[in-house]
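Reviewing the structure listed below.
The values are calculated or read from the model by the stated rules, or taken from the named source; none is laboratory data. Just so you know, these numbers come straight off a predicted model, no measurement behind them. Every residue, glycine as well, gets a Cβ built from its backbone with ideal geometry; the counts of neighbours run over all protein chains shown. For accessibility, only protein heavy atoms count, side chains too; no ligands or nucleic acids. Shrake-Rupley method; radii C 1.70, N 1.55, O 1.52, S 1.80 Å.
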Amino acid sequence: MKYSYISHLYCPKCEAVYDTKQQHQLCTCGSPLLVDYHWDELKADLKRDEVEKRQPTLWRYHEMLPVEDEANVVSQGEGMTPLIAMPALGKDMDVENLYMKDEGLVPTGTFKARGAAVGVSKAKEVGVKEFAMPTNGNAGAAWALYGAKAGIQSTIVMPQDAPKITRNEVALSGANLYLVNGLISDAGKIVGQAVKDFGLYDVSTLKEPYRIEGKKTMGLEIAEQMGWEMPDVILYPTGGGVGLIGIYKALNELKKLGWIEGNLPRLVAVQATGCAPIVKAWEEGKHESEFWANSSTQAFGINVPKALGDFLVLDAIYKTKGCAIAVDDQEMLAEQGKIARLEGSFICPEGAAVFVAIRELRKQDWIKEGETVVALNTGAGIKYPDTVNIDVPILEIGDSITVNS
Ligand SMILES: Cc1ncc(COP(=O)(O)O)c(C=O)c1O
Ligand SMILES: [Zn+2]
């Protein structure tokens, strides 16, 4: 059996086809490229119970991933994160069957390591020596560290306001790090010029085809962990939207294999009220978003004013009868505390945004009583120490305390 059943790259806009042996970026028409596989062959060769016996990393799905030679795999054990029942929080918001896919447990502390593991491995396979990317922090940290493991030099540009820990991760990996006094879109322009000037491989969101393949493994894992029965709703904190596009791609691929059946879950893109271009487009019934001026939110990973793959995110929402919803920063931070108190999980603000959305959608009865709901927590709360401000008493030696029980 082959390690990967990859067949070709294709353009979802103009249907052009590309091979997988060369380095590719966008289609000549400007659209991101997607990966396709030999599904009939794979369906005959691989059964889902075979996969269930494998090591608990995302590479258990290697036939559906793009790396052709196992020797090129760059791994730090990413994937197979727990799908955790949240009964206390669920009770609090009247969603009886509430689950959290906890991506805080991936190396580097966010789901970004999935895209980096697969993207860097494939970059190594096609001979990339040096890549560059703009980032809101977490993706840059993951790509710089996985790049270091692969022996690939990276150049990373991130907003000055991005979480400080991600800056340290990038710097420590030996990458070329630059901070920009602006947004990820401003970092993107700088990277675009450097790519032209120095012939670097551009690994900006969706400008290379393989990051999404790593992220789609979240969808594969949810299906496997739910016993190949689909939940009713999956919600995802959406910036560039790669995770949502990836989950949608994964579920469609599992249908092609006959591993899941029936309707796909309704996919929900969650954004912040300070940066909600996908929500606005969805509310207006559009298929592309407009640039969101002066965007701002504490959920830094979803501060993306215009996503290259917006049309793919919107397509996934429309096709699954999902929706898009924006939540307020204050509510997000309050929810973060509630989740820590009720479930003992310290999750990132982007993840907390998803739970605010669930609360709201249940109130609107968009989520119906008894439905099974899966929330993606995309990262660990400990990556954002500054979003929590507490006031604690400082004792002098020998002071005594009063404990409320
Ligand atoms: C913690 C976190 N959640 C969500 C996102 C948004 O990811 P995507 O680009 O897949 O929409 C990011 C992106 O930086 C992130 O860091
Ligand atoms: Zn095209």
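Within the accessible area of segment 173-309, the carbon and sulfur atoms contribute 49%, probe 1.4 Å, all protein chains present. Shown here: segment 229-283, whose C-alpha atoms stretch 40, 19, 15 Å along the first, second and third principal axes, sorted largest to smallest. A Cα-only calculation for the chain places Rg and Dmax at 20.7, 75 Å.
Heavy-atom accessible surface of segment 1-55, averaged per residue, reaches 58 Å², computed with a 1.4 Å probe. Across the protein chains, with a 1.4 Å probe defining accessible surface, the residues Arg167, Arg60 rank Arg167, Arg60 from largest area downward. Over segment 332-405, the fraction of Cα-Cα pairs per 10 Å bin, rounded to whole percents and listed from the shortest bin up, is 16, 36, 25, 15, 6, 1.
For trypsin sites (Lys or Arg not before Pro), the sites in segment 352-400 that DSSP calls loop and that have at most 12 other Cβ atoms within 10 Å are Lys368. If eta is 1.567 mPa s and T is 4 °C, what Stokes-Einstein diffusion coefficient results for segment 205-343, Kirkwood Rh from Cα pairs, in µm²/s? So the translational diffusion coefficient is about 83 µm²/s. Accessible surface for Ile382 stands near 130 Å², nearest 10, in the context of the full protein assembly shown (1.4 Å probe).
Dividing the summed helix terms, -39500 (n - 2.57) for each DSSP H run of n ≥ 4, by the number of residues in the chain produces a 222 nm estimate of -10500 deg cm²/dmol to the nearest 500. Computed over the alpha-carbon pairs of segment 166-251, the distance histogram in 5 Å steps reads 3, 12, 16, 17, 18, 13, 10, 7, 5, 1 percent, short to long. Of all segments of the chain bounded by GluC sites (Glu not before Pro) found in a DSSP loop with no more than 14 other C-beta atoms within 10 Å, the longest spans 97-228.
Note on Lys338: lysines with a C-alpha under 22 Å away, same-chain residues under 8 apart excluded, are Lys91, Lys101, Lys363, Lys383. Each principal axis of the Cα cloud of segment 1-104 was taken in turn, and the coordinate range along them, longest first, works out to 50, 34, 29 Å. Our summary gives segment 315-405 a relative contact order of 25 percent, counting only alpha carbon pairs under 8 angstrom and 6 or more residues apart. Amide hydrogen proximity for Val180: with H placed 1.01 Å from N in the peptide plane, the residues at 5 or more positions away or on another chain lying under 5 Å are Met158, Gln160. Taking N as the residue count of segment 113-192, its C-alpha radius of gyration divided by 2.2 N^0.38 Å amounts to 0.99.
Taking all protein chains as shown and a probe of 1.4 angstrom, Arg54 keeps an accessible surface of around 60 Å². Highest GNM mean-square fluctuation among Ser345, Ser121, Ser75, for the chain modelled with Cα contacts below 10 Å: Ser345.
Between Lys53 and Asn389, the contour length at 0.36 nm per residue exceeds the alpha carbon distance by 116.5 nm. Counting charges near Tyr10 (Lys, Arg +1; Asp, Glu -1) among other residues having Cβ under 14 Å from its Cβ returns a value of -3.
Pairs exceeding 24 Å between alpha-carbon atoms, taken from Lys216/Lys255; Lys207/Lys255; Lys112/Lys306; Lys53/Lys215: Lys207/Lys255.
The spread of Cα positions in segment 1-53, taken along each principal axis and listed from longest to shortest, comes to 41, 20, 17 Å. Restricting the calculation to alpha carbons of segment 30-172 gives Rg and Dmax of 17.8, 51 angstrom. The 3J(HN,Hα) values that the Karplus relation (6.51, -1.76, 1.60; θ = phi - 60°) gives for segment 277-289 are, in residue order, x, 6, 4, 4, 4, 5, 4, 8, x, 8, 10, 9, 9 Hz. Gly and Pro appear as x. Antiparallel beta bridges, as assigned by DSSP with both residues in the chain, represent about 30 percent of the total such bridges. Across Asn377, Asn263, Asn97, mean-square fluctuation computed from a Gaussian network of the chain (C-alpha pairs under 10 Å connected) peaks at Asn263. Solvent exposure of segment 93-153 amounts to 25 Å² per residue of accessible area, where only protein heavy atoms count and the probe is 1.4 Å.
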